[in-house]
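What follows is a set of notes on a single structure, which appears directly below.
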Amino acid sequence: MNEELRRTADFIREVIKARGYVNPLAELLGDKPNPFKGMCYVASALLYQLYDGAGMTLYKKKDNTGQFHWWIRTDDGETIDITAGQYEDFGIESPSKSYDGAVVAKLMWFPSYKRRIFLLKQDLEEYIKSKLEK
């Protein structure tokens, strides 16, 4: 896999983790904080857009709760699952570990997701800028 692509995916993961977003309802119910939950599409779509989809394919598959989980597979067969931690940190295997039942996906058009991708991109740019200044 392209080292730049891997590094960008790692930076996106770091930004999401640094944000520390926690679902207030989940917190009220006593759930352990999980900053990656609900971020799989946004993270994967951002990486996909940053490279204009070159050399990669978006995938999605329903997880153990019936929600779609999103990730990228490179043309050389490597899986990039930026938010796998939302499962693995809780002892659950990420849906990206098996392509059985997975489908090739396309970017969604919903304005709310476009906005979330835009905001994550801004945070990523700030994060990279801060790393360069050090």
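The values are calculated or read from the model by the stated rules, or taken from the named source; none is laboratory data. Computed from a prediction, not measured in an experiment: that's the story for all the values here. Cβ sites come from the backbone with ideal geometry, for glycine too, and all protein chains shown count toward neighbours.
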Residues within the stretch 63-99 that are in contact (Cβ under 8 Å) with a residue 24 or more places away in the chain and assigned to a helix (DSSP H, G or I), tallied: 5
With the structure loaded, tell me whether ASP89 is touching a Cys at 6+ places or on another chain (Cβ under 9 Å), among the acidic types (Asp, Glu) and either surrounded by 20 or more Cβ atoms within 10 Å (Cβ to Cβ) or closer than 21 Å to VAL15 by Cα (or both) or whether it fails that test. no
Against the conditions (1) at pLDDT below 95; (2) closer than 22 Å to LYS121 by Cα; (3) under 16 Å from the mean Cα position of the chain (by Cα), where does ASN2 fall short? Just the number, please. (3)
Any idea how many residues of the stretch 86-109 are among the aromatic types (Phe, Trp, Tyr) and either modelled with pLDDT of 95 or more or within 14 Å of the chain's Cα centre (by Cα) (or both)? 2
Would you point out which residue out of THR83, THR74 is closer than 16 Å to ASP10 by Cβ, touching a Lys or Arg at 6+ places or on another chain (Cβ under 9 Å) and modelled with pLDDT of 95 or more? THR83
Looking only at the stretch 42-83, and only at residues there that are of a type outside the set (Val, Ile, Thr) and farther than 20 Å from TYR113 by Cβ, the one that is surrounded by the fewest Cβ atoms within 10 Å (Cβ to Cβ): GLY77
Give the stretch 100-122 a look and list any residue that's under 23 Å from PHE68 (Cβ atoms) and either in a helix (DSSP H, G or I) or basic (Lys, Arg) (or both), or say none. LYS106, PRO111, SER112, TYR113, LYS114, ARG115, ARG116, ILE117, PHE118, LEU119, LEU120, LYS121
Read through the list (1) modelled with pLDDT under 95; (2) over 24 Å from LEU119 (Cβ atoms), then give the number of the only condition that GLU27 fails. (2)
